[in-house]
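The values are calculated or read from the model by the stated rules, or taken from the named source; none is laboratory data. The structure presented is a predicted model; accordingly, all values stated were derived computationally and were not measured. Neighbour counts are summed over all protein chains in view; Cβ atoms, including those assigned to glycine, are modelled from backbone coordinates with ideal geometry.
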Amino acid sequence: MLGHLYYWDKYNLEKMVPLMANGANLPQFPNHDQHNKEAISFLRNHSVESIIDAFIETRKELIEHISKVGEDVRFTIGKGKRMFSGESFIKIFVKHDIHHLQQINGKLNN
């Protein structure tokens, strides 16, 4: 699951955050199932330790870079009309993280 979170962070850091400018239209998110399959393939030969390290480093970079997006910057994603800010964009992924933390906690409590 940490590899899954890492791969989404990597995508956002490389493909989305650099395009966050006022009035920008960011690309549509990739197909989730396909993206997750790519993550598995990408991480297949990595050790657990290296995945953990990559996740931590990438998450720190993502926070650093998105923190530099101006508070007044608004952008859309794909064909959507909803305007996002750096903060509202991150909230999407905070909910995503919470969802997976709940899954982990559920397994630990069984």
(message) Being part of a helix (DSSP H, G or I) and either in contact with a Cys (Cβ under 6 Å, 6 or more places away or on another chain) or touching a residue at least 40 places away in the same chain (Cβ under 8 Å) (or both) narrows it down to one residue among His46, His100; which is it?
(response) His100
(message) For Val73, only one of the following conditions fails: (1) in a helix (DSSP H, G or I); (2) in contact (Cβ under 8 Å) with a residue 40 or more places away in the chain. What is its number?
(response) (1)
(request) Consider Glu64 carefully, then state whether it is under 14 Å from Leu13 (Cα atoms) and either modelled with pLDDT of 95 or more or outside any helix (DSSP H, G or I) (or both). (result) yes
(message) Here are the criteria: (1) surrounded by 13 or more Cβ atoms within 10 Å (Cβ to Cβ); (2) among the acidic types (Asp, Glu); (3) closer than 20 Å to Pro18 by Cβ. Tell me which single one Glu71 does not satisfy.
(response) (1)
(request) Would you mind finding the one in Val69, Val48 that is within 19 Å of Leu101 (Cβ to Cβ) and more than 15 Å from the chain's Cα centre (by Cα)? (result) Val48
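Could you please find all residues in segment 74-96 being surrounded by 15 or more Cβ atoms within 10 Å (Cβ to Cβ) and closer than 19 Å to His4 by Cβ? It would help to see each step written out before you state the result.
Step one: of segment 74-96, the residues surrounded by 15 or more Cβ atoms within 10 Å (Cβ to Cβ) are 74-75, 77, 84-86, 89-90, 93.
Passing the criteria: Phe89, Ile90, Phe93.
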(request) Confirm whether Lys79 is in a loop (DSSP other than H, G, I, E, B) and out of contact with any helix residue (DSSP H, G or I) (no Cβ under 8 Å at 6 or more places or on another chain). (result) yes
(message) Whether any residue in segment 17-32 is in a helix (DSSP H, G or I), modelled with pLDDT under 95 and under 30 Å from Lys107 (Cα atoms) is what I want to check.
(response) yes
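Name the residues in segment 49-68 that are in contact (Cβ under 8 Å) with a residue 24 or more places away in the chain and either farther than 27 Å from Gly23 by Cβ or basic (Lys, Arg) (or both), would you? I'd like the intermediate steps shown before the answer.
Narrowing segment 49-68 to residues in contact (Cβ under 8 Å) with a residue 24 or more places away in the chain: 51-52, 54-55, 58-59, 61-62, 65-66.
If the condition is that a residue be in contact (Cβ under 8 Å) with a residue 24 or more places away in the chain and either farther than 27 Å from Gly23 by Cβ or basic (Lys, Arg) (or both), then Ile51, Ile52, Ala54, Phe55, Thr58, Arg59 are the ones that fit.
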